[in-house]
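One structure below.
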Amino acid sequence: MTRSSKVVLLLCVVLAVALFLETVSARVSYQYKKYTYRKKRDDKIYKNAKQPCEVNPDCLSRRGAEQAICIRKCVSEFCYQDIYAADELEEGEIDVRLNSFKGCVAQKK
């Protein structure tokens, strides 16, 4: 490997690391109301509230994020507005707010 190709390789590595660090620092951090979530108790309450909404014809006709939004609004309009209204769930988004939503549903029922 020649000296110039080593320099080019080193510059590529430096550029890749810089792009990676920029991507990591640009992560989105959500500001939303957090509710206490207790897995055993809250999952049972959430699942019981969610079941009728999953077969709701309005929600069945939707797909992806739209279906998740429909189901969550059906489960609890109050909790949906409290947690998701400022920044709605988007297609492909990893929902870091779901446990807070489940906690809200358990506390409001």
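Observations on the model:
- Counted residues, the stretch 1-25 - those being among the basic types (Lys, Arg) and at pLDDT below 70: 0
- Failed item, numbered, when Lys40 is tested on (1) within 18 Å of Ala106 (Cβ to Cβ); (2) at pLDDT 90 or above: (2)
The values are calculated or read from the model by the stated rules, or taken from the named source; none is laboratory data. It should be emphasised that the depicted structure is a prediction, and the values quoted were computed from it without experimental measurement. Cβ: placed from backbone, ideal geometry, glycine included. Neighbour counts: every protein chain shown.
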